[in-house]
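*Asks:* Handing you a structure now.
The values are calculated or read from the model by the stated rules, or taken from the named source; none is laboratory data. Everything numeric here is computed off the predicted structure, so don't read it as measured data. Glycine gets a Cβ as well: all are built from the backbone with ideal geometry, and neighbour counts include every protein chain shown.
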Amino acid sequence: MNTGDPGGSGAAHPDSREADSPAHHQPLLDGAELDHAAIAVRSFDEMVPLLEQLSGARATRPERVERQGVEVCFVGNVELIRPLSEVGSVARFIDRRGPGLHHIAYRVPDAGHAMETLAARGYSFTSEGPMAGAGGHRIAFMHPRSTGGVLVELVERSEK
C-alpha cells in the first residue's frame, strides 16, 4: 500500500497539504479571499499577449496610480504593475530582483478593520491606514518583514 511516505513509515508526506487545508484553520479575517496576484514589469508589451492567450481574458486599459508611482492593467486576476519612473518602490523592486511576482492580494470587506485586526496580531503595514488604489478601491499593504518576506495587499473593492 502506498501511504505517500517514501520511507514507508505510514506518516503523511511532508508536502501533503491536507493538514494545511483551509478547513483546518480559523481565518484571521472573516470574508477574505484571494483577489489577484501582481507582477512587476518594465513594459506591458511582453506579458499582456501571453496572459491574454493563456487566460482568454482581455487586458484592461492601463490606469495611472500617481500616488503609488505606477501604471496598472489587469488580465483576468493578474495585475501588471509598471513603474512610471526610475524611482519608487516598484522601480527599486525591479532593479533588485528583476521583473516578477510583486505581491498577492486578498479582498476584504473593510480594509481599515482588517488592518486593525491584523495589527493586533503583530502584523505591520507600509502605511498608517488604507489608501486609494486603482479602480477607486481602498488598499493597504502588509509589510514583508511581518509576512515572511511576501508583500500582501488588502483590497476593499469600491462599489463602482
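*Asks:* With respect to Arg67, determine if the residue is without any contact (Cβ under 8 Å) to a residue 12 or more places away in the chain and within 21 Å of Met142 (Cβ to Cβ).
*Replies:* no
*Asks:* Here's a follow-up. Among what's in the stretch 111-160 and is exposed (fewer than 13 other Cβ atoms within 10 Å of the Cβ) and under 14 Å from the mean Cα position of the chain (by Cα), pick the residue that is nearest to Ala32 (Cα to Cα).
*Replies:* Val150
*Asks:* Still on this structure, I have one more. Out of the residues in the stretch 47-66 that are within 25 Å of Asp95 (Cβ to Cβ) and exposed (fewer than 12 other Cβ atoms within 10 Å of the Cβ), which is modelled with the lowest pLDDT?
*Replies:* Checked the stretch 47-66; the qualifying residue modelled with the lowest pLDDT is Glu66.
*Asks:* Search the stretch 92-110 for residues that are of a type in the set (A, V, I, L, M) and pair each with any residue that is not in a strand (DSSP E or B) when their beta-carbon atoms are under 7 Å apart and the residues are at least 6 apart or on different chains.
*Replies:* The qualifying pairs are Ile94/Arg42; Ile104/Val150; Val108/Leu29; Val108/Gly31; Val108/Ala32; Val108/Ala114.
*Asks:* Among residues belonging to the stretch 140-156 that are part of a loop (DSSP other than H, G, I, E, B) and touching a Pro at 6+ places or on another chain (Cβ under 9 Å), point out the one that is farthest from Cys73 (Cα to Cα).
*Replies:* Ranking the qualifying residues of the stretch 140-156, first place goes to Val150.
*Asks:* For the stretch 79-89, name all the residues that are in contact with a helix residue (DSSP H, G or I) (Cβ under 7 Å, 6 or more places away or on another chain) and surrounded by fewer than 20 Cβ atoms within 10 Å (Cβ to Cβ).
*Replies:* Ser85
*Asks:* Could you check the stretch 90-110 and list, in sequence order, the residues that are crowded, with 17+ Cβ neighbours inside 10 Å, in a helix (DSSP H, G or I) and not aromatic (Phe, Trp, Tyr)?
*Replies:* If the condition is that a residue be crowded, with 17+ Cβ neighbours inside 10 Å, in a helix (DSSP H, G or I) and not aromatic (Phe, Trp, Tyr), then Val90, Ala91, Ile94 are the ones that fit.
*Asks:* Then there's this: Among the residues of the stretch 93-102, is there at least one that is in contact with a Leu (Cβ under 8 Å, 6 or more places away or on another chain) and either within 16 Å of Leu151 (Cα to Cα) or of a type outside the set (Asp, Glu) (or both)?
*Replies:* yes
*Asks:* Collect the residues in the stretch 67-91 that are among the basic types (Lys, Arg) and modelled with pLDDT of 95 or more, keeping them in residue-number order. Talk me through it step by step, then tell me what you get.
*Replies:* Let us first name the residues in the stretch 67-91 that are among the basic types (Lys, Arg), namely 67, 82.
Once the filter is applied, which keeps residues that are among the basic types (Lys, Arg) and modelled with pLDDT of 95 or more, the stretch 67-91 yields only Arg82.
*Asks:* What is the one condition in (1) in contact (Cβ under 8 Å) with a residue 60 or more places away in the chain; (2) over 18 Å from Leu101 (Cβ atoms) that Asp45 does not satisfy?
*Replies:* It fails just one condition, (1).
*Asks:* Taking the stretch 111-139, which residues are without any contact (Cβ under 8 Å) to a residue 24 or more places away in the chain and in a helix (DSSP H, G or I)?
*Replies:* His113, Glu116, Ala119, Ala120, listed by residue number.
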